[in-house]
Number of protein chains: 2
Amino acid sequence: MGRWEPDSKGRLQAAALELFVEHGYEQTTVADIAARSGVTERTFFRYFADKREVLFEGTAVLQATVVEHIASAAMDLTALEIVGEAMAATGEIIGQRREYSQLRQTAIAANASLQERELLKLAALAAAAAHALRDRGVGEPTASLAAEAGVAVFKIGFERWIADEPTGSGEPVDIPSSLGDSIRSALLTLRSIAAA
Amino acid sequence: MGRWEPDSKGRLQAAALELFVEHGYEQTTVADIAARSGVTERTFFRYFADKREVLFEGTAVLQATVVEHIASAAMDLTALEIVGEAMAATGEIIGQRREYSQLRQTAIAANASLQERELLKLAALAAAAAHALRDRGVGEPTASLAAEAGVAVFKIGFERWIADEPTGSGEPVDIPSSLGDSIRSALLTLRSIAAA
DNA sequence: TCATCCATGTCAGAAGATGACATCACGCTA
DNA sequence: TAGCGTGATGTCATCTTCTGACATGGATGA
């Protein structure tokens, strides 16, 4: 057995989410998170640049997935179709962990500074998507606008998917639509709005 | 003469922008800003909830203007047309202070935590726009999507307007397009993207 | 003239964040 | 198997942001 318990980072992430949901983000100190994880405060800040970042580990993977989908999309699609489908396809992956997504989103929704961080990550996602489009030869401002629209569609699709089926007791009456489908539906709505 | 120099708040805002541009946001402490303004640190935090907020006083007015435009728009327009024109009209106002806008944007572009705050303000703007649309009878998700699209168009239009004419010396060769027109142009591009 | 108001100052302290240095199990190599 | 380097973690000190409690003293109006 090692000198310390393994996976400090994972324990910190789990403890943070629990505490944020239980007591709220501001009421939870980094010392609390560290204590529950059996490490010191200093160790927390070695793994995460700041207190918020502990909830945003996954966004790098998400962004990479979106970029890959854009890079490998069929050539006969429009910029918006490419980004929209990349978002939807990525949504299929995230959508597999509905419960976790919901807990995390609850914590974020309850605190403005977590929302700020989330918005920054989404802005980075939009920038990366725009870059990936440009690499395919899409010009500006088309690339940036399509990327922003894609992120908007992701946001709305995600919101509605989370709100869809409350975590309450009782049997699910309907199978909730997948996150990917929710995003695709938002894309269709956006296109009809713009077409009118 | 009063006991103190008048307009502490204004002095703090001016000093903060100067110092952020001169030395950067992180290198500037609240104590620095307060000292240059001839007040104490504590006074800074009486006027501004946190260090970032000193750059975001104007966004409340901006939001109110957008909401008014949406509320008073003609009845025969689509949701996207309404939001787009509200953004463009508001842009005409902001566009009057190009130099200030540029300095402020320079400071924000150089620091992630200022970008976070800006994104939060834009998200609030989107939420307010969506609310104003709903008050006109626009349903969901149309209202939210049109609002997000409107903010995207504002962002891109603003970016391109700022980048348009560098602040260099020499005579301006072309009259730079107005911010409002830049936003209208972004809206047209978005619609053509979505239509394809 | 006096009361009271209010912008600002003073002081103390919690929490977030960071640099410098210490510790010590583990595994490699001689 | 003795010794050595490595890397994850601990310890300590310090700075900055932000907040609460209370003090001060010109301005204002009864």
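Details
- Seen against the Cα atoms of chain A and their longest principal axis, helix A:98-109 is set at about 80 degrees.
- Helical runs (DSSP H, four residues minimum) scored at -39500 (n - 2.57) apiece and divided by the length of chain B put the mean residue ellipticity at 222 nm at -22500 deg cm²/dmol.
- What a 1.4 Å probe finds exposed on the stretch A:1-132 is 55% carbon and sulfur by accessible area, rounded to a whole percent.
- The mean accessible area for residues of the stretch B:8-54, using a 1.4 Å probe and ignoring ligands and nucleic acids, is 52 Å² per residue.
- Long-range Cα-Cα pairs in the stretch B:24-132 (distance over 25 Å), rounded percent: 34 percent
- Solvent-accessible surface (1.4 Å probe) assigned to B:D181 amounts to roughly 80 Å².
- Kirkwood Rh, Cα atoms: Rg over Rh of the stretch B:84-196: 1.01
- Acute angle (nearest 10 degrees) that the helix A:112-135 long axis makes with the longest principal axis of chain A, alpha-carbon atoms: 40 degrees
- Ranked order, A:V21, A:V138, B:V153 - accessible area, probe 1.4 Å, largest first: A:V21, A:V138, B:V153
- The stretch A:127-154-the stretch B:93-171 distance, computed between alpha-carbon centres (Å): 17 Å
- For B:E41, inter-copy separations between label points set 7 Å beyond Cα along the Cβ vector come to 1.6 nm, shortest first.
- Exam field: A:A71 pseudo-label spacings to other copies (7 Å along Cα-Cβ), nanometres: 4.9
- Working from Cα pairs under 8 Å separated by at least six residues, relative contact order for chain B is 23 percent.
- Teacher prompt: A:A60 distances to equivalent labels in other copies, 7 Å Cα→Cβ, nm: 3.9
- Convex hull of Cα atoms in the stretch A:34-98, direction-averaged projection (nm²): 6.1 nm²
- FRET efficiency for the pair A:T40 and A:A109, taken as 1/(1 + (r/R0)^6) with r the Cβ-Cβ distance and R0 = 41 Å, rounds to 0.85.
- Residue ranges A:54-60, B:45-51 sort as A:54-60, B:45-51 when ordered by packing (mean number of other C-beta atoms within 10 Å per residue, highest first).
- Derived from the Cα gyration tensor, the three semi-axes of the equivalent ellipsoid of the protein assembly as shown are 33, 32, 21 Å, largest first.
- Helix axis angle, B:142-164 relative to chain B longest principal axis, alpha carbon, degrees: 60 degrees
- Exposure of B:M75 as accessible area (Å², to 10), given a probe of 1.4 Å and all protein chains: 150 Å²
- For the stretch A:88-162, the solvent-accessible area with a 1.4 angstrom probe is 38 square angstrom per residue.
- B:E22 accessible area, assembled protein chains, probe 1.4 Å, Å²: 110 Å²
- In terms of overall dimensions, chain A has a Cα radius of gyration and Dmax of 18.9, 66 angstrom.
- Of the residues B:Y25, B:A35, B:S8, the one whose Cα sits farthest toward the positive end of the charge dipole of the stretch B:8-54, with +1 on the Cβ of Lys and Arg and -1 on the Cβ of Asp and Glu, is B:S8.
- Shielding of B:109-120 by partner chains, average beta-carbon count, 10 Å: 4
- Where A meets B: accessible area buried, both sides, 1.4 Å probe, Å²: 2700 Å²
- Charge sum, other residues only, whose C-beta stays under 13 Å from A:T106's C-beta, Lys/Arg counted +1 and Asp/Glu -1: -3
- Residues losing 30 Å² or more accessible surface upon assembly, the stretch A:137-152, compared with the chain by itself, 1.4 Å: A:P141, A:T142, A:L145, A:E148, A:A152
- Among the residues of B:153-160, the average count of other protein chain beta-carbon atoms within 10 Å of the residue beta-carbon is 3.
- At q = 0.19 Å⁻¹ the log10 of I(q)/I(0) for the stretch A:8-54 amounts to -0.45, computed by Debye summation with a single uniform scatterer per C-alpha, solvent ignored.
The values are calculated or read from the model by the stated rules, or taken from the named source; none is laboratory data. From a predicted model like this one, the values you see are computed outputs, not experimental measurements. Every residue, glycine as well, gets a Cβ built from its backbone with ideal geometry; the counts of neighbours run over all protein chains shown. Quick note on the areas: whole protein, heavy atoms, side chains included, nothing else; ligands and nucleic acids left out. Shrake-Rupley method; radii C 1.70, N 1.55, O 1.52, S 1.80 Å.
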